[in-house]
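Working notes, structure below.
The values are calculated or read from the model by the stated rules, or taken from the named source; none is laboratory data. Predicted, not measured: the structure shown is a model, and the values here were computed from it. Because the Cβ atoms are built from the backbone with ideal geometry, glycine has one as well, and the counts that use them run over all protein chains shown. In case anyone asks, the SASA skips ligands and DNA or RNA and just uses the protein heavy atoms, side chains included. Shrake-Rupley method; radii C 1.70, N 1.55, O 1.52, S 1.80 Å.
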Amino acid sequence: MTDTSATSAGGTTTRTVLIIGATSGIGRAIAHEWASNGYTVILAGRDRDELISDAADIHIRHGVQASTLGFDALKYEDHGPFFHAATNQTSNGLDTIIVCHGYLPAQTDAETDFEIARRTIDVNYTSAISILNLAAAYFLARGRGTICGVSSVAGDRGRQSNFIYGSAKAALSTYLAGLRHRLARHGVKVVNVKPGFVDTGMTWGLPGLFLVASPTQVAHAIWRACAKGKSVAYVPGFWRFIMLIIRSVPDFLFMRTKL
């Protein structure tokens, strides 16, 4: 695990966000959104070259400090040292952590190859819990902070097109709800963001996409949700109503659909 920093020309800021999955389409947009609002950003992911390039770009565009940390979702033994390094990147520690890494294989591949199914669960759920447990203890001790987990509308109801991925996201949403309940009285906000279809590399070429949002739109909506301390935010907001309808369809009718 290495760490590189872009020096801030305007001095250090007082607020810091850690973004895990920062080289994803959503993660990169989130980094720019938080940097544009004056945050120091810590970019975490697997591709070191991309992270360094993005950190330099953020520093040039927004004039804030941007640093990088290597992060592998499935190397659980490294999560503790990684998080410790992240909390010591700035003198004021972390104010916000956003977990937005993910893995979306074809449903048919996950059904026929258990290794793909297990990777789907481990990347989208198990690894997130490993990090979020550390974040919860950290912010609990500080008595403040914001935890944001990026889940998905796919977790709202099991559908034949993506139920293995959806089940992992449903588990993450349940975890975030419980974590919110645990931390609410201690000054720590826990935000569960549920995006619909987003135009990223992870969704490129998938059939049946509609009402696709840009990563920039999603990042701005996530910023607003965190700023307001929302418990659950559908992104874009109309997905709340779409998923309400889908959840409300009786089983005898739902089984006739091809969703």
Tabulated pairs, the stretch 236-259, first in contact (Cβ under 8 Å) with a residue 24 or more places away in the chain, second in a helix (DSSP H, G or I) and open to solvent by 100 Å² or more (accessible area, probe 1.4 Å), C-beta under 7 angstrom, 6+ apart or interchain: Pro236/Gln217
Residue list for the stretch 59-71, restricted to those being surrounded by 24 or more Cβ atoms within 10 Å (Cβ to Cβ) and within 15 Å of Ala29 (Cβ to Cβ): Ala66
Condition check for Ile60: at pLDDT 95 or above, closer than 24 Å to Val198 by Cβ and of a type in the set (Val, Ile, Thr): no
Hey, Thr216 under 21 Å from Thr120 (Cβ atoms), within 18 Å of the chain's Cα centre (by Cα) and either part of a helix (DSSP H, G or I) or at pLDDT below 95 (or both) or not: no
Residue in the stretch 38-53 that is closer than 17 Å to Val17 by Cα, in contact with a His (Cβ under 6 Å, 6 or more places away or on another chain) and at pLDDT 95 or above present: no
Lone unmet requirement of (1) modelled with pLDDT of 90 or more; (2) touching a helix residue (DSSP H, G or I) at 6+ places or on another chain (Cβ under 9 Å) for Ala227: (2)
Hits in the stretch 30-58 (condition: touching a helix residue (DSSP H, G or I) at 6+ places or on another chain (Cβ under 9 Å), open to solvent by less than 20 Å² (accessible area, probe 1.4 Å) and farther than 19 Å from Asn92 by Cα): Ile30, Gly45, Ala55, Ile58
